[in-house]
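Peer 1: If you scroll down you'll find the structure; I have some questions about it.
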Amino acid sequence: MYPKELHPVTDQVRESAHLDEAGYQAMYRASIEQPEQFWAEQAERFLTWEHPWHTVSDCDFRQGQAAWFIGGKLNVSVNCIDRHLSSRGEQTAIIWEGDEPTDDARISYRELHEKVCRLANVLKSRGVKKGDRVCLYMPMVPEAAYAMLACARIGAVHSVVFGGFSPDAVRDRILDADCQTVITADYGVRGGKPVPLKANVDKALAKCPNVHSVITVRRTGETIDWDTTRDLWYHEAIEQVSADCAPEPMDSEDPLFILYTSGSTGKPKGVLHTTGGYLLSAAMTHHYVFDYKPGEIYWCTADVGWITGHSYIVYGPLCNGATTLMFEGVPTYPDASRCWQVVDKHQVNIFYTAPTAIRALMAKGNEFVTSCQRSSLRLLGTVGEPINPEAWEWYYHVVGDSRCPVVDTWWQTETGAIMITPLPGATDLKPGSATRPFFGVEPALMDPDGKELQGAASGNLVLKRSWPSQIRTVYGDHQRLVDTYFSAYPGLYFTGDGARRDEDGYYWITGRVDDVLNVSGHRIGTAEVESALVLHDSVAEAAVVGCPHDIKGQAIYAYVMPMHDVEPSDALISELKAFVAEQVGGFAKPEFIQWTPGLPKTRSGKIMRRILRKIAEDELESLGDTSTLADPAVVEELIAHRLNRA
Ligand code: PRX
């Protein structure tokens, strides 16, 4: 449809940007050649410290150990709020756009300060102290940001659980982090539909005896169950406490939050981020990658339940004194024009979303876009999965009127902040490429034997040195951190992604090389879905793989072996899909479920996923070697009844 061409930085963008190519090169070189000095300067520039650090960093990839700005003290909520009050107290910190187009609100930095202090005092009044974990299960309302910052103010560690997770998933996360306090809402509202968040919490808490307080935000006012010994209304509680709360001085390495993410095993990992390094990377990338300038309106469409919402709705933008837009709804409600209507309504300058949303909107046709002006837009961004060049070009030409650079940002929950990305004033863009490393990031590509590849090559993507917002541990299981990220290539951080580097040194992320799927930008471990399926009485064994999907990027394809006395049926397939939604969350529902009398295994009993993947992808010519199979007939059977045919 569009020529797959290089999009050079235009003079206009270069002249107004924080950095041009020479600026990027100079800073990148400094970050690699004099890292101590470089990071000390950045930490001084972007953050306000109560007490200076004595050592910039002390990291050892062999132990999975990282510490940044050691000895330094600061409070994240002070950096995100208090220090802006004298210069921009009346400036809008958060623009809230509700699910209905008529519903919106603006919260100034001064109001944010009061709300955060009050909620912090409510938490204190319930006995929450520094180091305690607080679970947040929230819709996209400003109170979600207040809750995160209130925890940060008193040194409590938040664990935000995405509102799409099921009660069982909420329970597992509450128990793993031993959260004793939960902040939620009566209901969430998305696309005109209510989400029963408080009822889900009630179900989850049936098996969480340590939870003593549930603070509930009234969003819809619909009836909910109430436990007077445990439950309190947010709006009542905040009236009973002071509007001032002294911030807790935090060590740079004190934990800020835990965020659960999927890995190759069934049990989600509690990724732990700390204070100083995390905040620095979030703020600095927000400044350079989005080329943020004071007064601009910045909108990241992510949910606060994911890392993108943490770093680029709340912490990065607020640390920089920005105006951040928080959207409660979905891009297709009331219709597929919604995003562009919001852009016009609030005069959004910077828009950051996921490829899956771009593809979904592209499929609805250009009219929905061109019926809105979008003249305020200056920069577009994407995150979460590889973007196909067609979607990139549509985003650039149709949404951005061939005027706005597109920053394709690669990073992970574990990296805390953007790692590989264009900088708008510096980087010539290639559709589909995340381009070049951010400051201090040293990527490399490895072959399966552990040899580093040079020049243009494809391989497993690793990072050679620590960065400030590096994952510090897997909560409660440091060995799992070492095993997952630092064992495949000793001395290197293994990302789990594959990538290609071209002759210009640009990186093209090709996707996960482990058993992690990326469905509509949601990261899902195949093992999580398999564990859910085998919990069902009718299922003897299950294997889950990904297959390509036009809108979602990947879809879930499950091979299910029924119990010997179970008759497979379409009704049972629907039941199994609903069962997975109940166990994990609606976003983890398999697209396809194929019945099978058995799974292809090696003689030693290992499931041959490579073959299952190829069948699901309908790529039969590249099935590969099947000679090591215990029972080759199973493959014939699977091929004959495969579901995802062209
Ligand atoms: O596979 C990569 C993909 O998303 C994974 C990380 O998922 P999560 O921790 O949920 O964080 C998503 C938001 C940062 C990565 O391992 N991914 C993320 N961004 C990109 C990407 N794949 C290709 N291009 C990207 N820009």
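Please treat every number below as a calculation from the coordinates, not as lab data. Worth saying up front: this structure is predicted, and the values here are computed from it rather than measured. In this analysis, Cβ positions are derived from the backbone assuming ideal geometry, glycine residues included, and neighbour counts consider all displayed protein chains.
Peer 1: Once a ≥ b ≥ c are taken as the square roots of the eigenvalues of the Cα gyration tensor of the range 520-641, is the result rounded (a/c under 1.5), prolate (a/b larger than b/c) or oblate (a/b not larger than b/c)?
Peer 2: oblate
Peer 1: Further, regarding this structure: With point charges of +1 on the Cβ of Lys and Arg and -1 on the Cβ of Asp and Glu, referenced to the Cα centre of the chain, which listed residue (Gly270, Trp233, Ser337) lies farthest in the positive direction of the dipole?
Peer 2: Trp233
Peer 1: Any idea what diffusion coefficient the range 388-428 gets from Stokes-Einstein, in µm²/s, Kirkwood Rh on alpha carbon pairs, 37 °C, 0.692 mPa s?
Peer 2: Reported coefficient: 288 µm²/s.
Peer 1: For the peptides 149-158, 636-645, what is the packing order when you average, over each peptide's residues, the other Cβ atoms within 10 Å and list the highest mean first?
Peer 2: 149-158, 636-645
Peer 1: Could you order peptides 475-483, 616-624 by the average number of other Cβ atoms within 10 Å of their residues, highest first?
Peer 2: Those peptides, ordered most packed to least, come out 475-483, 616-624.
Peer 1: Continuing with this model, one more query. Looking at the range 138-250, send over the antiparallel percent of its DSSP beta bridges, to the nearest 5.
Peer 2: 25
Peer 1: Using only Cα atoms, what Kirkwood radius does the range 397-553 have, in angstroms?
Peer 2: So the Kirkwood estimate lands at 17.6 Å.
Peer 1: In the structure displayed, which of Lys293/Lys464; Lys203/Lys577; Lys430/Lys552 lie more than 27 Å apart, Cα to Cα?
Peer 2: Working: Lys293/Lys464 32 Å; Lys203/Lys577 20 Å; Lys430/Lys552 22 Å.
From the list (Lys293/Lys464; Lys203/Lys577; Lys430/Lys552), the Cα-Cα distance tops 27 Å for Lys293/Lys464.
Peer 1: How much of the calculated P(r) for the range 246-402 lies past 21 Å, in percent of all Cα pairs?
Peer 2: Details: 6190 of 12246 pairs.
For the range 246-402, the share of Cα pairs beyond 21 Å comes to 51 percent.
Peer 1: How high is the relative contact order of the range 520-641, given as a whole-number percent (alpha carbon pairs under 8 Å, six or more residues apart)? Numbers along the way, then the final one.
Peer 2: Working: 176 pairs, mean separation 28.1, N = 122.
It rounds to 23 percent for the range 520-641.
Peer 1: Something else now. May I ask you to derive the relative contact order of the chain, considering only C-alpha pairs under 8 Å and at least 6 residues apart, and to give it as an integer percent?
Peer 2: Details: 1434 pairs, mean separation 89.4, N = 646.
That works out to 14 percent.
Peer 1: Just need the relative contact order of the range 327-445 here, percent rounded to a whole number, with Cα pairs under 8 Å and 6+ apart.
Peer 2: 20
Peer 1: Given the chain, what whole percent of its Cα pairs are spread farther than 34 Å?
Peer 2: Above the 34 Å cut-off, the chain has 43 percent of its Cα pairs.
Peer 1: Right, here's the next one. Straight-line reach from Lys198: which lysines fall under 21 Å, measuring Cα to Cα and dropping same-chain residues less than 8 apart?
Peer 2: Reachable lysines: Lys207.
Peer 1: Restricting to DSSP H runs of at least four residues, report the calculated mean residue ellipticity at 222 nm for the chain, -39500 (n - 2.57) per run over all residues, nearest 500 deg cm²/dmol.
Peer 2: That comes out to -8000 deg cm²/dmol.
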